[in-house]
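Contents: one structure, followed by commentary.
Each reported figure results from applying straightforward, stated rules to the coordinates on display, with no laboratory input. Keep in mind that what you see is a predicted model, and the values were worked out from it rather than measured. Virtual Cβ from ideal backbone geometry, glycine too; neighbours counted across all protein chains shown.
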Amino acid sequence: MKNRLIRTLAFALGMATLAAPASATVFTKDYHGPGVWNSYDDQNQTYTMKFKDDGSKDGFWLVVSPGANPKQHMDEYAILYGDRAANRITAYTYDGQNSAGSFRTGDYLATYENAFSTAGGMTMFALDVSGINDAYDSAAWAGVGFGDQQGIWFHQSNGSNFAYDANGGITDYTYGGQMWVDNAFQNTQRRECTAATAHRYYCQDGDTPTRTGGGSVPAPGGLALVLLGLAGFGMRRRG
């Protein structure tokens with residue numbers, strides 16, 4: 001069993017829009033049937049999702065990959081838990097199991113407060129996932145992101161109830177029903193972006209997406225204290 005990262009060493013990033021580089025490549029994938037759209041900006045390391053929202057789905061768990069179906073891939077990707085009632089997304093390492101229980105055994109990676117916005121029947125979020133992607137010095141670790149292909153494992157739940165400990169970690173997640181998008185090796189669309197536009201969730205007509213949503217991630221200095229725990233499963237923090 002993997003050791004949890006020490007949450008008390010986390011610090012708040014706060015609400016911010018960060019300056020974009022001169023150019024970036026944004027990969028997008030639209031799942032028309034279930035009404036799910038997502039993108040990844042490889043320079044800003046911004047992951048963005050929009051999905052249809054009729055008010056019935058109040059939680060989710062989500063794992064994305066650069067191609068393979070994330071299931072059965074232990075300690076390679078992050079799993080994101082969305083709590084609509086708390087307006088919060090919490091990230092853990094994904095344990096590879098076909099269940100929502102990675103928070104019980106995985107490493108806590110980040111919390112994003114005030115994560116969601118809703119307009120026109122769509123709910124959306126955009127996350128700076130650079131800290132998650134740099135969390136481990138392991139060739140297998142992909143964190144959150146994708147390129148010319150995508151694998152996705154996205155389960156939306158209703159009747160969702162999340163419980164948290166004093167440090168923001170998830171202690172329980174129960175739900176009633178669920179729907180899902182479960183795919184592998186889906187071809188994406190690529191777009192080169194050259195300019196930054198505030199509050200734009202995707203690259204369009206030369207615009208670069210911006211990062212939104214506050215977040216807290218494990219403090220870099222404090223993570224050195226848990227290297228021995230991580231070494232037990234072949235992953236360690238980048239220095």
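Miscellaneous remarks
- Taking the centroid of alpha carbons for each part, the range 25-73 and the range 138-175 are 11 Å apart.
- For the listed peptides 143-151, 73-81, a ranking on the average number of other beta carbons within 10 Å per residue, highest first, reads 73-81, 143-151.
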